[in-house]
Structure formats: structure tokens, C-alpha cells
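The values are calculated or read from the model by the stated rules, or taken from the named source; none is laboratory data. Since this is a predicted model, take the numbers as computed values, not measurements. With ideal geometry, Cβ positions are generated from the backbone for all residues, glycine too; neighbour counts draw on all protein chains shown. All accessible areas refer to the heavy atoms of the entire protein, side chains included, with ligands and DNA or RNA removed. Shrake-Rupley method; radii C 1.70, N 1.55, O 1.52, S 1.80 Å.
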Amino acid sequence: MSFSLSTLSEQTLKLYLMIFGLKSLSRTHVVSFTSRYFSSVPELCHPHSAHHLFEKSPRRDPSEYNALLFEYSHSDRNKEALNLYAGLWRSGFSVDGSTLSCILKVCGCLFDHVAGKQVHCQSIKSGFVENVSVGTSLVDMYMKTEDVGDGRRVFDEMGSKNVVSWTALLTGYAQNGLNELTLNLFCQIYVNEVKPNPFTLATVIGAVANRGVVEEGCQIHTAVIKSGHESHTIVCNSLINMYSKSGLIRDARAIFDSMLQRGAVTWNGMIAGYVTNGLDLDAFRMFHWMRLAGEKFTQPVFASLIKSCANLKELSYARQLHCQVLKSGMGFYHNIRTALMVAYSKCTEMDDAFKIFSVMKGVQNVVTWTAVISGYLQNGIMEQAVHLFCQMSREGIRPNHFTYSTILTAQPYISIFQVHAQVIKTNYEKLPTVGTALLDAYVKTGHVKEAAIIFELIDEKDIVAWSAMLAGYAQMGETEGAVNIFLQLAKEGIRPNEFTFSSVIHACAGPTASAEQGKQFHALSIKTRLNNALCVSSALVTMYAKRGNIESANEVFKRQGERDLISWNSMISGFAQHVQGKKALAIFEDMQRQKLEMDGITFIGVISACTHAGLVDDGQRYFDMMVKDHHIYPTMEHFSCMVDLYSRAGMLEKAMDIINEMPFPAGATVWRTLLAACHVRRNLEVGKIAAENLISLQPQDSAAYVLLSNIYAAAGNWQERAVVRKLMDERKVKKEAGYSWIEVKNKTYSFLAGDLTHPMAERIYSKLEELSIRLKDMGYQPDTNYVLHDVEEEHKAAFLSQHSERLAIAFGLIVTPPGTPIQIVKNLRVCGDCHSVIKLISLIEDRYIIVRDSNRFHHFKGGVCSCGDYW
């Protein structure tokens, strides 16, 4: 009996298949396959059933089984389609161009390069390679499997091409990130007089969007209008995406408003555009209008809105969206779950974020792992972040470049060297994101040389990498390295941003930096219109204050349109260092009036201002205010400031009381501060206690030995001084030499006490001799108490006259025109005798002299110092 399956009803066919399967069908049966049955009878969609039918069928018309292949392909059952095709080929079924085109599409979707090449060979053998549809599918397959070269080769060998062929190659270039080739090919389409279709235009618009080139995007938009496709939905969607990515959100909105038909992709494109451009509230408004329009919400819309909640740290709305997602049945999408984790993390709800992560057990991927690790790091829970990173590796999830960039911020809970080794193994070292994170981690741990090596290895250095390397040199006080990096950046044609300027200006704040360099970078920031950026203006305030130009610092501060805490703190600390305590406190009171948030650094600056101005009671009051009113827990540095406050005022017993009442053992900074005050006050008893504690904490610090020996020398106890000096020799502790620097015509000159190596040494000492005579005429008498050597008085006076700061000032008087201000830097504290001499020199030479020593700035003018002889 012979019959056709197409003559049976659907119910009869299902019953027949259920009872008899397919075994009872013989080769004599005439089998007719139609797409209607493939879609309505699931049993026929099983590859084994289909193969059995084809083996039993005497008719082998390609159109009959092409329908089954197409059904598999359209329903995204690509593996079943490939298995079916393999069975057909082994069974000797003939194929046509439609079969080959379909299976090549399947290979592309599966990214199966090997199977695709085999089908390519079969296309050549069967003579269908010249078929336009087959050739186009080959191009598409090679491009999807990232074999761009073979894809282009097939395209060039095609005898005839249509717009679909050109679009396939164009799409392939775009998918592989070859945006320049995409645009060049688009131009060739017009040269070859091929009329682009909407898909062609949408593809090239996408390539322009990825490049972020606005001018080219506008030209493509013009081509769209000329082609008459400006109202096509897919083209409009691409235009919205392009303008959004280019920052032209108003143009994107204009396209959106002009559309007659909008789909879910359109709404999502507009919402995502607002989110990308930081207009999160506009994104929520668009979501509201989408709901009023009755448009069905899709998972990309939810993902974009949840991202907005994260940006705004809007926890309540994030929870509402979470509920809506669950009601809509979209709670299992990876991108939505990840977005929710990020939102909860940014809202400091790590427990909720981790719950979402935990329920994903078994389907967690590198993105979700990285999101939860990043969340813990953002919330300061570094140990848990490191634990999860290790667990991730144990569970066989391979970290990607985002994971490594994230975990490298977990210092000091993770070994940078171990992570670096993993990065090298995975070949991520040269990527800008990972390379920048690595060099930043090395910089923060003080390994600038290693950071520089990483910097050189990065293939395509972006502005973030350049700025990170600049910040590294600035942090380490290596001004020359920072300036060289900036010059190299400019030479390579990279436009510096506000963070680049901020870093290089910070580098110019170093004590050995050229005074003019900071001014030059300030001028350059004005030219590039970045001087008003908050990080740049704050850096300028700090730089000018540290370089001795407190007036310019104050001018920049007053011109700031907005100020952050760094600006306020820099100005307070700047005035404190320049012994302008009243101005520092005025800034602080302004902060109080504006009810601005303060931190521990603010109060360090305020207490230091009181210290240098001798305002002991005020300093204590501000310390109490910090603890009681602002609930800031005092650190070692705060207690060091308080010890300094009382020590400079000669209240050494009160300073000792503070040390004894500290909630933790006093550190080296505290004891060094007290010891320095004991040296000034020549208090041997307290000085011995301070020195002993300092030596026990830092046995190789020369300051403890030198200050103690100087206290003994000042007391005339040369025997005890010799004991301390002998102890230094036994422990191989070297005394830090006193150096002074002066900059003249962008060149820095250094001087050591008694230095005879300078080319102008003869003229310098002659100038000092001249000054000595003039000083004596004014009644100056050397204070030999500051000479801590057991020698004759006349030799002591000679020692004083050859201190490094005097040599630097004498050199400055010789090489600079009369009336020019002189600024020098000294690495140690200026002695009392030199302080008196410099005051007189400023008077007799009519010079403004600025001296920055290890403690503060001294401004000498007309025989008076800004410190009021209180330092």
C-alpha cells in the first residue's frame, strides 16, 4: 500500500508515529515533506526520524528536505541542522544552492570554522560556488568565524555580486572591529553603482558609532536621506545608537521623535543612549513614556534602567525594577542579574548582591564573578573580594582582563607579583586596561621602575595609561620622570586630559622641581581650557602653595567655580606652612559657615596653623572639636600635631602627657617631633627619653642620634656626645648631610656646607666675606651655640658662615639682577644663627628671600621673617 504523509490529518499522523514509529515505512512509500508539517508535528523535527524518512524515500528532491533544514535554522536549532545535513550528505542526497546557503549560515552561527570549510569544498565540487547566494553565505560564514582574509578572498572571486553580498562583507568587517575597512568598503559600494539597502546602511552606521567619528556619521546620515531610507526602522535605530555614542543625544532624540513606527529596539536605544550620556533621569522619563505607549518591556530596557539605578544609587527604584523583572519572567537573564548585582553593590547592599550571585550557582560566568568581586572591593571588603577571586579560579572560571584590572586594586590583601604572573600566562599584560591597572598597583606599592617597564609593554597606550604613569612619578616625587612622560605624550600626538594635567602639576610641587615648570603647565592647561577642571585647579592650589607662591595659590582658590575637599585642605595647609595662621583659620571658618564636610586632613592643617602661629589654646579647641563634634578618630598624625603644638610652645611636660594618654603606642613621628623641640629648648632630660624611644623604633634613623648628640653638645657634655657618635659608627648610621638648592634660569644648583666644588666657589666665598663685614657693621654677632663641635670660638664662627643656605643665597645674589626675589630649599631645619643672618641680608641687599626648610616656609623681607621668630 502506498500513501503520502501529506494526505493524513495531523492527529492521525501523530497517532501513526506514536504506535508504529517510522520502522514500518518502506522504500516504496511516497513521502511528501512540507513546512506546514515541520512546524506542526514536533516528532518530525527529530534528526534521527528525519534521516530515517529520507533513507526510506525513493524521491530525493532537495526542496523537500531544504524545508526541514530551514525550519531548524530559523528556530535556532543549528546543531540539529548540521547533523541532518551530514546525514543527507552521507546518504548521497543531492544538494542545491539553497541547501548550501542554509548550512553555511548554520556554520556561521555555530562559529564552526572547520565544518564551514568542508561545506565550502562541497560547494566547489558540486559546482555551486558561483551561485550568488552560496558565495554570499560563504562570505558571511568566514566573517562570523573571524577568518576575514578568506571571507574577502571569496568575495573577490565571486563572478556576480548583489547588494546582499556587499552587505555581508560590510557586516563582517564591522563585526570584527575593522571599522576603517567598513567605511572604505561602503564608499566602494557607490563606486560600483550598487544601491545600498537599509541593512547596508544600518551596518555602516554601526561602524561609525563604534569609531565615534561625528563628521563621518553626519555624512552617512546624508547618504541615508538621499537613498530614501531615512524612515526605515532599522536605519533609524542605528542612527539613534550612533548619535548617542557620539554624545549628540539631542540629535538622537530628534531621530526618535521623527519615527512613525517604533519598536522595542528603538525605545531601548533611546533609553540606553540617555544612560550612556549620564542622563539617568531622562532615561527614567523615557521609560515612563514607553509604558504609556503600551510598548512591551524587553530585557535590554530593564538592564539599562537598572544601570541608571546603580549610577544614581537609587536603591528603592532598583528594588521595584527587580520585582518587575521577576513578574515579567526575565529574572534569569544573565545581563539583568549582573546589572542588579552592580546596582545593589553601588547602593552598599552587598548581602542582596551576593544572594543574586549565589542563586546563579551552576550558570555563573566570568562576568558575574567579576561583578561580585568588584562590588566587594567598592565597598571596602577586600578580604572577601580576594577570597572570591581565589574561589573563582578553583571552580575553573578563567579570569578575563576586567577581572584582573579589578582585583589588582585589592592592595595589600593580594600579591601583585602573583597576579602579574597570572596576567603574563594569560597574555593580558599588553592590554591597556590590565597594563594600566598593573602599573598603578606597582606605583602604589612604590615600585616605579616595574611600573615603567609595564608602561612600555602596553601595546596601545590610551590617555588613562599615560595619566597613571604620570601620577606614579608624581607620587614618588620624580618630577623629571613625570615631565618626560608628558613631553613624550605630546610628541605622540595624544591630547592630555584634566587628569594628565593634574598629575604633572602635582609632580611640579616637589621641592626639587623647577619653579617655572608648574607655571608653564598652568599656562598650557589654560590654552587647552582645562584649567577650570576641579582636579586641575586643586592641583594648582597645592603646587603654588608648596612652591612658596602662596599668593598665586590663593588667587587660583578664589577663582574656582566649585571646590572639593582637596582644594579647601590645600589652602588651609598652604597658609599653615607659610605661617599665615589667621588666614588658614579664616578658610576653616568659611568651611564651617558653609557646613561643608571635613576630614582628618582638614584638622591636621588647622592644628598645624595653630602650631606655627603659637595659638596653643585654639589648637586644643580644634582638636576637641574634631573628636566631639565631627566624630573623627584621631590618628598618629593628629597626636603628632598636638605634641608639636605644645613642644614648640615650650610645654614639654604637656607634650609628654599627650604621648602617655594616647590610645596606642607613640610612633617614630611623635618621638622625632618631641626630640626636635627638646633640641631647640635644650631639654636634656626629656630629650633622652624621646631619643631612646625613637632609636628603639628606627635604629637606622640618623635624626635621633644627631639631635641627641647636639643636645649633649649644647650642654657642653662632650663625653656623652662622643658616646652617641660612637654608637652611630658601630651601627653604621650615616648622618644626613645638609643640602640647599636654588633655581636660576630653569637650572637647579645644590650646595653642601663648606662646599668648594662649585665653579664659582671663589666668588661665592668672596661674597660671603663681603656680607660678613656688612653684617658686623650692623651689630651682628655669631651665635656659636649652634656650632656643635668642640673647637675654638673663631672656628665656630667660620663653621656658621659656611652653612649650605648661606652659600645658596650668596650665589643667588651674584647671578640674579638686583631686586630679584631669591628662593632656596633646604632639606634640614634652618639654624637660629642662619635665620638671623638671612633677615639682615634681606634688609641690606633689599631682597625678598624665601627659604623652605624641613618644617615650613620662611619669608624674609626688610629684615623681618614671616614666622615672627617662632618656629
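Quick one: length gained pulling ARG77 to LEU260 fully straight, 0.36 nm per residue minus the C-alpha distance?
62.4 nm
Which of the lysines could be linked to LYS195 by a straight reach, that is with a Cα gap under 21 Å, when you skip same-chain ones fewer than 8 residues away?
Cα-Cα hits under 21 Å: LYS161, LYS226.
Please name whichever of MET760, PRO300, MET778 sits farthest to the positive end of the charge dipole of the chain, dipole taken about the Cα centre and charges placed at Cβ: Lys and Arg +1, Asp and Glu -1.
After comparing all options, I get PRO300.
Could you grab the relative contact order for the chain? Cα pairs under 8 Å, six or more apart, rounded to a whole percent.
On the way: 1247 pairs, mean separation 33.1, N = 871.
Reported as a whole number, the value is 4 percent.
Determine which aspartates and glutamates satisfy two conditions relative to LYS105: a Cα distance under 18 Å, and not lying fewer than 8 residues away in the same chain.
Reachable aspartates and glutamates: GLU71, ASP76, GLU80, ASP96, GLU130, ASP140, GLU146, ASP147, ASP150.
When ligands, DNA and RNA are left out and all protein chains stay put, how many square angstrom of accessible area per residue does the chain have with a 1.4 Å probe?
48 Å²
May I ask you to evaluate 6.51 cos²θ - 1.76 cosθ + 1.60, the Karplus curve with θ = phi - 60°, for each residue of the stretch 676-689 and list the ³J(HN,Hα) values in order in whole Hz, giving x for glycine and proline?
4, 5, 5, 5, 5, 7, 6, 9, 5, 5, 5, x, 5, 4
Can you tell me, using C-alpha contacts under 8 Å and at least 6 residues apart, the relative contact order of the stretch 739-865 as a whole percent?
27 percent
Can you compute the equivalent ellipsoid semi-axes for the chain, i.e. the square root of 5 times each eigenvalue of the Cα gyration tensor, sorted largest first and rounded to whole Å?
Three semi-axes, in Å: 77, 29, 26.
Loop only by DSSP, 16 or fewer other Cβ within 10 Å of the Cβ. Give me the trypsin sites (Lys or Arg not before Pro) in the stretch 382-431 that pass, ordered by residue number. Mind dumping the intermediate values first?
On the way: sites: ARG394, LYS425, LYS430; in loops: LYS430.
Answer by residue number: LYS430.
Specify whether the C-alpha gyration tensor of the stretch 658-736 places it in the rounded, prolate or oblate class, a ≥ b ≥ c being the square roots of the eigenvalues: rounded for a/c under 1.5, otherwise prolate if a/b is larger than b/c and oblate if not.
Judged from the Cα gyration tensor, the stretch 658-736 comes out oblate (a/c at least 1.5, b/c at or above a/b).
Just to be sure I understand the model, the point goes 7 Å from the Cα along the line to the Cβ. What's the resulting ARG285 to SER316 distance in nm?
2.1 nm
Identify all lysines with a Cα-Cα distance to LYS747 below 17 Å; exclude those on the same chain that are fewer than 8 residues away in sequence.
Straight-line reach from LYS747, under 17 Å: LYS519, LYS826.
Spelling out what I want: for every residue of the stretch 603-619, take phi, set θ = phi - 60°, compute 6.51 cos²θ - 1.76 cosθ + 1.60 (Karplus), and round to whole Hz; glycine and proline get x.
So the J values, rounded to whole Hz, are 6, 4, x, 5, 5, 5, 4, 5, 4, 6, 9, x, 8, 5, 4, 5, x.
If packing is taken as the average count of other Cβ atoms within 10 Å, what order do 641-653, 594-606 fall into, highest mean first?
Highest-to-lowest ranking by the protection proxy: 641-653, 594-606.
Provide the net charge surrounding ILE458, with neighbours chosen by a C-beta distance below 11 Å and charges set as Lys +1, Arg +1, Asp -1, Glu -1.
So the surrounding residues net to -3.
Where the accessible area of the chain is counted over protein heavy atoms with a 1.4 Å probe, how much of it, in %, is carbon and sulfur?
In the chain, the share of accessible area belonging to carbon and sulfur is 53 percent.
Roughly how many Å² of ASP617 are accessible to a 1.4 Å probe, to the nearest 10?
We get 130 Å² for ASP617.
Hey, if you put +1 on the Cβ of every Lys and Arg and -1 on every Asp and Glu Cβ in the chain, which of ALA677, LEU438, GLY868 ends up farthest toward the positive end of that dipole?
The residue sitting farthest along the positive end of the dipole is LEU438.
Mind ordering 320-326, 831-837 by average Cβ neighbours within 10 Å, highest first?
Highest-to-lowest ranking by the protection proxy: 831-837, 320-326.
Quickly rank 668-674, 292-298 as a protection proxy: mean count of other C-beta atoms within 10 Å, highest first.
668-674, 292-298
What is the stretch 89-157's relative contact order, in percent, from Cα pairs under 8 angstrom and six or more apart in sequence?
About 34 percent, as a whole number.
Need the full-extension length gain, LYS296 to THR409, defined as separation in residues times 0.36 nm minus the C-alpha distance. One decimal, nm.
Result for the pair: 36.6 nm of gain on full extension.
Could I have the simple spin-label model distance between ASN162 and GLN698, label points 7 Å from Cα toward Cβ, reported in nm to one decimal?
Distance between the two pseudo-spin positions: 8.1 nm.
Roughly how many Å is it from the Cα centre of the stretch 400-443 to that of the stretch 136-202, as a whole number?
Between the Cα centres of the stretch 400-443 and the stretch 136-202 lies a distance of 38 Å.
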